[in-house]
Every structure is written in C-alpha cells, then in structure tokens.
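Data block below; observations after.
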Amino acid sequence: MTSLEALGYRQELKRTLTLRDLVVYGMVLMVPISPFGVFGFVSKDARGMVPLAYLVGLVGMFFTAMSYAAMSRAFPLAGSVYSYVGRGLHEAAGFFAGWLILLDYILVPALLYIFSTVALRPLLPSVPDLVWLLAFVGFNAVVNLLGVRLTARVNLCMLAVEIVALALFVLAGLVALHGGQGAGSLTSKPVYDPAVFSIATVVGATSIAVLSFLGFDGVSTLAEESLGQNSVARATLASLLLVGALFILQTWVAADLARGAQFASPETEFYEIAQRAGGRWLWLLVIGANILASGVANALAAQAAVSRVLYAMARDGRLPAVLARIHPRYQTPYVSILFIAGVSIAVGYVFANRLDDLTRIVNFGALTGFLLLHVAVINYYVIRGGSRAWVRHLLMPLAGLAVLGYVLYEMDAAAKIMGAVWIALGVAYFAVLTWLLKKPVAIDLSGGTQ
C-alpha cells in the first residue's frame, strides 16, 4: 500500500478512526432504516417487488465496493472516486469523477433533511419546514467542526437507535402477518411475482432503491483519518453487506404487510404500514427513528464525507483553495463543512416538495461516478500494471459496469436531463480552469500535484 507521503501529501487530518469506527460510519451513511423514506416510491415502480429491487442494487454495489476496496489499497487518499480515477485512469477523468460524485455528496445532506421534515409534518404540522432544516443543519455543522472523533461517537449512538427500531418493526411486522394482516405470512411475491415481473420494471425501481446504498463509498473519504492499512477496504465491504441484508429483510416484511392496501402517499407509505402492523406506538417509533437517522446520523456522516472530497479537490487546485483550509485546533476542513451547510439549506428549501426528483438527481451523480471508477480499476491494475488477478481486477469491474450501466439506462428521463446539465456545467468549469485561468490539472504520480 502506498503511503500518503509517497503520494506527495502531508498528514494534515488527524488519524484516529478504527475499523469499527469505519464500519459504523459506512452503515450510518447508508442508514439501515433508509427504506423507510423511499419504500413507497420503490414499491410503486417495482410493482411490490421491493426486496428484489434492493437485491439487484446490492449486487451492483458489491462490484462497486470491490473496486473501491482495490483502489483504496493503492491510493489511501481522502478524495474517494476523484482521487482513484484521477490516478488510476487520467487526471481529466478524475476531475469529472469528482464533479459527478459531488452531485451525489453535495445534495445528499439536503435530501436527508427533507426526509426528516416530511416525517415531522404529521407530528408538528404548525412548524415550518425551514425551522427543522435550520436546526438539523446547525447541529450537524457544529458536531463536524468539532472533530471526526466526536462524529464517530455520535454515529455509534445513532446506529444503535436505528437497529433497535428496525428490530422492533420486523418483530411487530412478523406478528401482524401471522395474525392475518396483509398477505397473512411471508411470501415469495415480494422477491418474484411472475404476474408483474419484467427486467425493466425491477431495474427502473432499482434506480431509486440504490439511494439507500449510497454511503458505503463515503468510507473512502476518511482514508487519511483511519488507522490500519486495509481498514478502508475491509470496512467498505463489511458495511455494504451488513446493511444490504437489513434492507432486504425489512422491505420483504413491509411488502407483504402492504399487500392489498391503499395508502395516502408514497412518502408516508412505510409509516402507514408500521401503524397498521403495531399501532400508534410503532408509527411514532419508525418516524422518530427515521428523523434521527436521516436528519442527524446520516446527514452528519454525509456532511463529513463531502467536506473531505471538497478538501481533496481544493488541495489539488480543482476547486477554490479556501475549501482546503484546516481548522488549527480541531483539524477539520471547516470552510468546506460550512459551505455544505449553506448549500443544504438552499437545496432543502427549493426541493422541499420534490423529493423524488432530488432522489433521482443524486443517484445519477453517484452511478456515473462509479462507472468511471470501474474503468479506472481495469486501467490501473490490468492495462497499466499487468495484473493477472482477472476476477478482482477485470471481471468484477466489468460486471459492475454492466449492472450500473443498465440501471442508468432505465433511469427516469428527467434525471438524465438534469444529470446532463450538471455534466455540461462541469465541462464549462473545467474549460475555464484549464484554458482561461491556466491552472494545471495534471497529477504528478510520483508525488503531489503539479
């Protein structure tokens, strides 16, 4: 494994995170109860086969996680896919990989705050959404500014709350099914229903379901704050598989409970299922857990992740240098953290009633960035390095390209248009950076930036 110093960088961030911290961080970023907020949208597109959509998503993300693991061993840098593609493929490709993943990372905190405000609306309808938005953003910004160690401790507490809530929902759901609600038992239809199954249907639903998996890649953004050479690679795979199993379990129970029922809206479908299964106490529990998970735990971790990507890109001159400033006491990229807080407030306010549109935009950025990552693995290990580990360095990246490419192909047309606009903005910014401002974009692979 190449050291940070050998790549031309000084150790500025504080190394303090253990393997357990990284696994918890990855799980918190993905949110073990993430399907609570998007279940209704996935169910509508998948025609009830929600667990199958999550299984397809898990397969695609597994191949991507293997590519992340491979590149994190070669380049232990904080920039995630930006650093990996830039060094494994080409510096220009690295810029656009970073630009695309920013569409995911920058918008995810705002999306999570919207999930939380939507959950709070039926509980406290008189409180404006903006009040909740400012409260969530303010709390998370302060915690992240105070240091990654505090962030890790809050993550562990929040994960415990999510697991307890999930266990109680699954238990209550199984009891309700046994009592005759919904399908009357766990059936195979949520996994495969021949009456409505089609590949396009499932893959189209997967384009929304993959939102729940976005976050395992965020583990790599903490590479410069982790202890142990292979911690990032191991934590990436472990957190993905653990959370993927939980996604499939909870959506299977919920899909059978939902059989034959009508719901007020896709946004609140899971909460209505919980209320029918366990009564008001379970309804309040899943709402409260989702508020804490999305508005605090996941948004806290997402804000930490994107601030590290901004820090890495600014350190290399791809973004304004001010975003690379480190707080002298807390050793955190404080300008990037505050910038993301401001963006979250603006985006959350604009998209408060357009949750599904924001979800698809986020997924477009992540999936296109992942495609470049798979190409980088093949180029760095097989073409450039002559690797003969065909399964890890060729077949798995190719499988990841195939699965994610098809998911993107089946994605909503509006998401593709908005994604294309973001790419066009990136092209314009890149042109200004390289041709008008004359800033070098080449990464010196022997160490540092030119």
Task: Matching option when the condition is at pLDDT 85 or above and surrounded by 20 or more Cβ atoms within 10 Å (Cβ to Cβ), among Gly348, Gly400, Gly386 - done: Gly400
- [ ] May I ask you to list the residues in segment 225-243 that are part of a helix (DSSP H, G or I) and surrounded by fewer than 23 Cβ atoms within 10 Å (Cβ to Cβ)?
- [x] Ser231, Arg234, Leu237, Ala238, Leu241, Leu242
Task: Candidate set from segment 118-135 (those that are of a type outside the set (Lys, Arg) and part of a loop (DSSP other than H, G, I, E, B)); member that is surrounded by the fewest Cβ atoms within 10 Å (Cβ to Cβ) - done: Ser126
- [ ] Output the residues belonging to segment 171-187 that are small (Gly, Ala, Ser) and either part of a loop (DSSP other than H, G, I, E, B) or surrounded by fewer than 19 Cβ atoms within 10 Å (Cβ to Cβ) (or both).
- [x] Gly179, Gly180, Gly182, Ala183, Gly184, Ser185
Open item on the list: Being under 16 Å from Ala301 (Cβ atoms), under 16 Å from the mean Cα position of the chain (by Cα) and among the aliphatic types (A, V, I, L, M) narrows it down to one residue among Ala110, Ala65; which is it?
Closed with: Ala110
Open item on the list: Any residue in segment 317-343 that is assigned to a helix (DSSP H, G or I) sitting within a Cβ distance under 7 Å of a residue that is surrounded by fewer than 17 Cβ atoms within 10 Å (Cβ to Cβ)? List the pairs, counting only those 6 or more apart or interchain.
Closed with: Tyr334/Arg325; Tyr334/His327; Val335/Val322; Val335/Arg325
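The values are calculated or read from the model by the stated rules, or taken from the named source; none is laboratory data. The structure displayed is predicted, hence computed values, not measured ones. All Cβ positions, even for glycine, are placed from backbone atoms using ideal geometry, and neighbour counts span all protein chains on display.
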